[in-house]
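First comes the structure, then the notes that go with it.
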Amino acid sequence: MGVKTSLEWLSSCAGCEISLLNIGEALVPILTEHLEIVHAPVIMDHKYYGQCGDQGLHLQLPEATVGIITGGVANEEHLEVLEEMRKKCAILIALGSCATQGGIPALMNGQDSSASFDAVYRTPSTDPGAVRPNQIVPQLFDRTYALDEKVKIDLQLPGCPPNPAHIAEVIISLLENRPPNLPTKSVCDTCPTRREGKGAVDQVKRFVENAEFDPAQPISEMRCLLEQGFVCMGPVTAAGCAKRGAPSCIEARVPCRGCYGPVLPRGNQMLDMMNALASNGIDTKSVVDRRSMLRFSGAHGNLRPKKKVAVKEEA
Ligand code: SF4
Ligand code: SF4
Ligand code: SF4
């Protein structure tokens, strides 16, 4: 029998599960010989109530050695499932930036939650008079949380989605009872672009502008995109996406958007990036929306609603 493994998805888009499948042929022996999947709503019909023999009175999941969870915690049901996974799994892995840092769903953390609910449920194109659902459906939280804000997590594997090779490494290292060999540096540390040590401009360039490069030349001949004036988040983002020698976005000649989250788990990509821009001689006031630098790491209290500024009435 293989290692009992339980998979769960909370506030997630299933991209992490696709990345798991993208391990490719190497996944076949892992699934057929080494793992015994005991619960995985994404691929098998497994109920939360009644499947473990308590007559369906409580949400109950089977015991497992390894639990892998994607997605953050955005509502009461997510929390209940997460706590049950923690109770039943000896080792709990947070897979993907939604699970490790809140990811895309935590973009909502930047606004007042009632404004978000109104935007979804009471729009001119739906029913402006509709009420926010408050029965039968799980209640949404005021914000989206990373898993480690709610329970102890044994291993974090960020990425939106994570690199399939690293998912395989985590699984294989567990089977071999050794620590996984994962990247620890920043995207810049894996980037081959040409750096001259000082930025070429003092204002940020917008993403709609093309970077300067010669498509006939290798990436090592392209000047660093941050030095060209783009908000390339490489200095403040964890490495891991490079599959063919350069970070994925740099390979496509576009700036890093920060999808692997901060280099250190509790780092703040926005604050660190403002420092990186200033060090490159870029006027930080030219950044139009600095909070967008937290687009993948809004949990842990990083992204919060803007404070309302009181407007004085004229006498
Ligand atoms: S980390 Fe990215 S790919 Fe994974 S669930 Fe979140 S949004 Fe989807
Ligand atoms: S800032 Fe961007 S382009 Fe420059 S080295 Fe870092 S990842 Fe590469
Ligand atoms: S370059 Fe940045 S945004 Fe692009 S895949 Fe890598 S970590 Fe994600």
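A short reminder: the numbers here are calculations on the coordinates, not readings from a lab. Because the structure is predicted, anything quoted here is derived from the model rather than measured. Please note: Cβ atoms are built from the backbone with ideal geometry, for glycine as well, and neighbour counts cover all protein chains shown.
What is the sum of charges, Lys and Arg at +1 and Asp and Glu at -1, for the other residues whose Cβ falls under 12 Å from the Cβ of A94?
Within the 12 Å Cβ shell, the charges total -1.
Around E196, what is the net charge, scoring Lys/Arg as +1 and Asp/Glu as -1 over all other residues with Cβ under 11 Å from its Cβ?
Once all neighbours under 11 Å are counted, the net charge is +3.
Do me a favour and compute the ellipsoid semi-axes for the stretch 134-278 from its Cα gyration tensor, root of five times each eigenvalue, largest one first, whole Å. It would help to have the intermediate numbers written out before the result.
Numbers: eigenvalues 198, 92, 39 Å².
Over the Cα atoms of the stretch 134-278, the ellipsoid semi-axes are 31, 21, 14 Å.
For the stretch 3-175, what is Rg from Cα atoms divided by 2.2 N^0.38 Å, rounded to two decimals?
Compared with the compact-globule rule of thumb, the stretch 3-175 sits at 1.11.
Have a look at the stretch 73-151 and give its Rg and Dmax from the Cα atoms, expressed in angstrom.
In Å, with Rg to one decimal and Dmax whole: 14.8, 48.
Treating only the Cα positions of the chain as identical point scatterers, give the base-10 log of I(q)/I(0) from the Debye formula at each q in 0.08, 0.09, 0.10 Å⁻¹.
-0.43, -0.54, -0.66
Relative contact order of the chain: what whole-number percent is it, with Cα pairs under 8 angstrom and at least 6 residues apart? All intermediate terms of the calculation are to be shown ahead of the outcome.
Working: 606 pairs, mean separation 57.1, N = 315.
Averaging sequence separation for qualifying contacts and normalising by length gives 18 percent for the chain.
Whose amide H sits under 5 Å from the amide H of C232, counting only residues 5 or more places off or on another chain, with H placed in the peptide plane?
L226
Quick one: net charge around H300, please, counting Lys, Arg +1 and Asp, Glu -1 for every other residue with C-beta under 10 Å from its C-beta.
Once positives and negatives cancel, what remains is -1.
Using Cα springs under 10 Å in a Gaussian network model of the chain, which residue among V204, V42, V287 shows the largest mean-square fluctuation?
Among V204, V42, V287, the largest mean-square fluctuation in the Gaussian network model of the chain belongs to V42.
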